[in-house]
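To keep things clear, I will list the structure first and then write my remarks on it.
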Amino acid sequence: MESNLGNHPVSNTLSTACRFVRRIAADHGGRMLTERHLEIFVAIAEEGHFGDAAQRVGITQPPLSQGLRRLEALLGVRLFDRERGVSLTEEGALLLPHARRALIAMAELRETGAREEADGQRLRLGLPPELPPRLGASVAAAPVRAGVRGRVSVVTAPTATLLTDVSAGRLDLAVIRHPAVLHGLAAGPVTLLPTWLLTPDDTGDAPTGRSSRGGAAAGGASPPDPRDATSEPDRRAGGARAGRFLPHAVRPRAEAPAAHDLFLDTLAGRGRRVETVVVSDERAGLALVAAGQAVLVTADETLTADGVARRPTTDPALPLRLRVVWDARRLAAAHADGAAEALVGVLASAHQPGREKAR
């Protein structure tokens, strides 16, 4: 309770309430308004009798009366009119709803703390949006299945955000895209997940990229180029889109700069410039593919739609590179090292042939 109750809406309309607010917001020379003070006050207000209120809070009447006098001295107001039985003064009526809410909030806080202690610590996990949903679920469940105590909370965020949050202690563990600058974080081995190329199905496998020498001629399909960054099936064109290359739908570079650059460098590894169109997520990219406006590389084997063809990316291979990162000191202090091992194991088993040394 900040400075004993802070601001009250009623104080804007009653001059008495205004004076009351000023008094309870003042410095009281180190004296503290406690939960016990509020319990005594609410009990007296609701019971309307000192004896019944004392029985309700589990004390005798003398300490109850003493507690009320201390509260009134602390606030500098009279809360009850004792000349007419036990009735609330104007200041007491103003305080009552706030005191009730404060007591409820403190009770909820204690219950939350008890649940946290009983359930163990909360394990905060971050996942990148490129992680396939099925694998993401397995990763989140891994610590629990490995016997790590605690509740798991999961957030999805770009790699750059996940790294910042793990470094700042807002997350305990995260799966990120590789490569990335780790800034001293511990990391597991790199796992490579297979991906698929999604293309508009009425163009065969639509060609991707655009020639650095000016692109295809307007009147027909461009001839195969041995330096093309895509395989022979990618050069086949048909329908209204014959003779032009479709851009790759990609997420913003700022989300994972190094991984983004590696992806484009791999596509352009045969001397061709690659065009991209930025999308907010893979669903937006899928919509562009279905509309014949782009192609998309995804690790989600369930991502598909009418009018979309898919095939594995093999020439060149465009795997999704992932690894687990954590702050070793914080995780050790929380006795949650097993959670990191569990995540690393699940991620590594997702595609064993894809493990590679970090570069």
Item to check | Theoretical gain in end-to-end length, A333 to R101 [0.36 nm per residue, Cα-Cα removed] | outcome: 79.9 nm
Item to check | Prolate/oblate/rounded call for segment 33-106, Cα gyration tensor, a/c under 1.5 rounded | outcome: rounded
Checklist outcome for this item: Quick calc: nm separation of the 7 Å Cα→Cβ label points for L109 and D52 -> 3.0 nm
Checklist entry - By how many nm would the segment from H183 to S138 lengthen if fully extended, with 0.36 nm per residue of separation less the alpha-carbon distance? => result 13.5 nm
Checklist entry - Any idea how far the Cα center of segment 266-312 sits from the one of segment 85-164, in Å? => result 38 Å
Checklist entry - Pulled fully out, how much extra length does the chain show between Q66 and E83, if you take 0.36 nm times their separation in residues and subtract their Cα-Cα distance? => result 4.3 nm
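Taken together, the values in this text are just the output of simple stated rules run on the coordinates, not laboratory data. This is a predicted model, so every value here is computed, not measured. With ideal geometry, Cβ positions are generated from the backbone for all residues, glycine too; neighbour counts draw on all protein chains shown.
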